[in-house]
Amino acid sequence: MLFWAATLFGQSGPPPDLDAYVARDMKTFSVPGIAIAIVKDGKVVLAKGYGVRKMGEVVPVDENTLFGIGSNTKAFTSAALASLVDAGKISWDDKVYERLKGFQMYDPYVSHEMTIRDLLTHRSGMGLGEGDLLFWPHTTFTREDIIYRLRFMKPASSFRSRYAYDNLMYIAAGQIIPAVTGKTWEEYIREKILQPLSMKTTNLSTTAFKPGDDYAWPHSKVDGKLQTIPFQDLDNAGPAGAINSSVGEMSKWIMLQLNHGKIPGSDERVFSEAQSREMWTAQTLTPISSDESPLSALRPKFAAYALGWGIRDYHGRKLVGHSGGVSGFVTRVLLVPEENLGIVILTNAEESSAFDSILYHALDFYFGLPPTEWTTAFKVAGDEHEKAAQEAMKESDKGRAVNSKPSLPLEKYAGVYNDAWYGPVTIKQEGSGLVFSLDHTPKAVADLQPWQFDTFKAHWRDRSIEDAFVTFTLNPEGNIHHFTMAAVSPLADFSFDYQDLWFTPVETAH
């Protein structure tokens, strides 16, 4: 009843039990630090940190602590392009090849028809996360290298026929900015968005962090144990996910969005009201799961991707939002335009259930709904998902021919192999075993452990990288024709897109 009363009296402050809710949430999901900002009716009603910046240390998270916001960067890239649309420099439906010299996809028809709008809406025909290994884990490829390699990536579906989340198209979208303005993506974002909004500590690269700065450390479960991990350098994927910000400064971004592109308290605009509407308009329908789960109550009636934002409904209101994930951080930005409400939640661990639980607790409060025990619901759903994954792995282990041997002597698997889009990998014999390296990914060095027959397991020495099966196929002469890869765990992040690789020998194995 109190929740209804709060809404009836125009409650605009944060939920009164939020601190206790967050504390329990952090404990349930093992998250060292969380920061939250809530904007309501044009005012920041909460900007606060909880927990610590780094596990095992006591320095607290505050409203100015910087976190990697991951794919919440995508809305900044689309806003930057919107400002160019307003200026008459581009239109959303310009052909990409006319703006980005040398742009080419696998299919000539797609190369010719792809528009800037298509780059932003996850309907290119490529598979989920296809090509992400070009930047994740950190590689030596440049943005130009990554865009060049699009021409070698086979589509998973026909153009514009279905949604499949894609980071590489956003890298291409970001490169339209220097092609049109002569300024880098970084320069343009600073000049057109960060400076006008006075987002003074927000930066565009983890390389900008200096000792003594107020930033959170990334945390991840490595072999089942939560620990700090190194920062991920995402410079070559900047427009898709490289921004680091705080809830204090992200609240300014939220206010700009809720104000439809106009900077609050000023006559200045970052983008027009028309472009604000365009960026929140459905472009690609996204699938809605019909599975029964503890979270079935959250199933929307509609869901779509717009331009840098996802849109869906919740209790009759349109939600405009996005999540972000980079190594050691997951984050959420959500806008409810009808309620003039915006929420940002930044975390320094890879547990999206933690921010979702807090998010829906806050939404229920502002919508005047009876409270739901979301922490428990998300925990149960997460545990069920993990249990199913473990059972699938056990099932796979059960059918394994443990006593089988590789077809060839180990030295025959050594050599250099090439994939059309990734490029070279090297397999070397070291002692009695094989060592596998993705040549453009400095951290990606694995011991190849025999699994069964001609399948090996790539057990990465950097344990933050997901293990992969490596399966060799022989030709009729008994030589290696090619090998493919697949993630070992069903829980592996989709950016480990091993399944898209096809390696053939460059030189005779010896």
Is one or more of the residues making up region 374-394 farther than 30 Å from G129 by Cβ, loosely packed, with under 13 Cβ neighbours inside 10 Å and either out of contact with any strand residue (DSSP E or B) (no Cβ under 7 Å at 6 or more places or on another chain) or not aromatic (F, W, Y) (or both)?
no
Between residues in region 248-268 that are farther than 22 Å from N64 by Cβ and without any contact (Cβ under 8 Å) to a residue 40 or more places away in the chain and residues that are among the polar types (S, T, N, Q) and crowded, with 17+ Cβ neighbours inside 10 Å, which pairs lie under 7 Å by C-beta distance while being six or more apart or on different chains?
H260/S276
Can you tell me which residue within region 248-286, out of those that are under 23 Å from the mean Cα position of the chain (by Cα) and aromatic (F, W, Y), is nearest to V85 (Cα to Cα)?
W280
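If you check R143, R162, which single one turns out to be among the charged types (D, E, K, R) and either in contact with a Leu (Cβ under 6 Å, 6 or more places away or on another chain) or closer than 22 Å to E186 by Cβ (or both)? Please lay out each step first, then the result.
Details: R162 fails: either in contact with a Leu (Cβ under 6 Å, 6 or more places away or on another chain) or closer than 22 Å to E186 by Cβ (or both).
Only one candidate qualifies: R143.
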Scanning region 269-309 for residues that are free of Cβ contacts under 8 Å to residues at least 24 places away in the same chain and over 30 Å from K252 (Cβ atoms) gives I288, S289, S290, D291, E292, S296, R299, K301
Filtered residue count, region 455-466, keeping only those that are touching a residue at least 24 places away in the same chain (Cβ under 8 Å) and open to solvent by 20 Å² or more (accessible area, probe 1.4 Å):
5
Looking only at region 248-278, and only at residues there that are under 30 Å from G33 (Cβ atoms) and among the aliphatic types (A, V, I, L, M), the one that is surrounded by the fewest Cβ atoms within 10 Å (Cβ to Cβ)
I263
Restricting to region 288-325, what's the tally of residues that are open to solvent by 20 Å² or more (accessible area, probe 1.4 Å), of a type outside the set (G, A, S) and within 18 Å of the chain's Cα centre (by Cα)?
0
Does A486 satisfy being exposed (fewer than 15 other Cβ atoms within 10 Å of the Cβ) and closer than 27 Å to A389 by Cα?
yes
Flag for T484 being part of a strand (DSSP E or B) and in contact with a Leu (Cβ under 9 Å, 6 or more places away or on another chain)
yes
Flagged in region 415-448 as farther than 19 Å from F469 by Cβ, among the aliphatic types (A, V, I, L, M) and under 25 Å from the mean Cα position of the chain (by Cα), in numbering order, are A420
Given (1) more than 13 Å from Y413 (Cβ to Cβ); (2) assigned to a loop (DSSP other than H, G, I, E, B); (3) not aromatic (F, W, Y), G478 misses just (1)
Residues (open to solvent by 10 Å² or more (accessible area, probe 1.4 Å) and assigned to a helix (DSSP H, G or I)) located in region 61-109:
S71, S83, V85, D86, Y97, E98, R99, P108, Y109
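Can you tell me which residues in region 161-176 are of a type outside the set (S, T, N, Q) and touching an Asp or Glu at 6+ places or on another chain (Cβ under 9 Å)? Before you say what the answer is, go through the steps one by one.
Kept after step one, since they are of a type outside the set (S, T, N, Q), are these residues of region 161-176: 162-166, 168-174, 176.
If the condition is that a residue be of a type outside the set (S, T, N, Q) and touching an Asp or Glu at 6+ places or on another chain (Cβ under 9 Å), then A164, D166, L168, M169, I176 are the ones that fit.
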Could you please find all residues in region 191-217 being crowded, with 17+ Cβ neighbours inside 10 Å, out of contact with any Leu (no Cβ under 7 Å at 6 or more places or on another chain) and closer than 16 Å to V270 by Cβ?
K192, I193, L194, M199
Only residues that are closer than 18 Å to N418 by Cα and in contact with a strand residue (DSSP E or B) (Cβ under 9 Å, 6 or more places away or on another chain): list them for region 146-165, please.
R149, F152
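Consider region 218-247. How many of its residues are over 16 Å from the mean Cα position of the chain (by Cα) and surrounded by fewer than 23 Cβ atoms within 10 Å (Cβ to Cβ)? Working first, answer last.
Keep residues of region 218-247 that are over 16 Å from the mean Cα position of the chain (by Cα), which gives 221-230, 246-247.
With surrounded by fewer than 23 Cβ atoms within 10 Å (Cβ to Cβ) added as a condition, the list becomes 221-230.
Total meeting the criteria: 10.
Given E411, E351, which one is surrounded by 15 or more Cβ atoms within 10 Å (Cβ to Cβ) and not β-branched (V, I, T)? Before you say what the answer is, go through the steps one by one.
Working: E411 fails: surrounded by 15 or more Cβ atoms within 10 Å (Cβ to Cβ).
Answer to the check: E351.
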Condition (residue is open to solvent by 60 Å² or more (accessible area, probe 1.4 Å), assigned to a loop (DSSP other than H, G, I, E, B) and closer than 25 Å to H322 by Cα) applied to region 139-148: is it met by at least one residue?
no
Quick check: anything in region 342-353 without any contact (Cβ under 8 Å) to a residue 24 or more places away in the chain, of a type in the set (S, T, N, Q) and closer than 27 Å to K387 by Cα?
no
Condition first: surrounded by fewer than 16 Cβ atoms within 10 Å (Cβ to Cβ) and touching a residue at least 24 places away in the same chain (Cβ under 8 Å). Now tell me which residues in region 110-138 satisfy that.
E113
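The values are calculated or read from the model by the stated rules, or taken from the named source; none is laboratory data. None of the values given here were measured: they were computed from a predicted structure. Positions of Cβ are backbone-derived with ideal geometry, glycine not excepted, and every protein chain shown enters the neighbour counts. All accessible areas refer to the heavy atoms of the entire protein, side chains included, with ligands and DNA or RNA removed. Shrake-Rupley method; radii C 1.70, N 1.55, O 1.52, S 1.80 Å.
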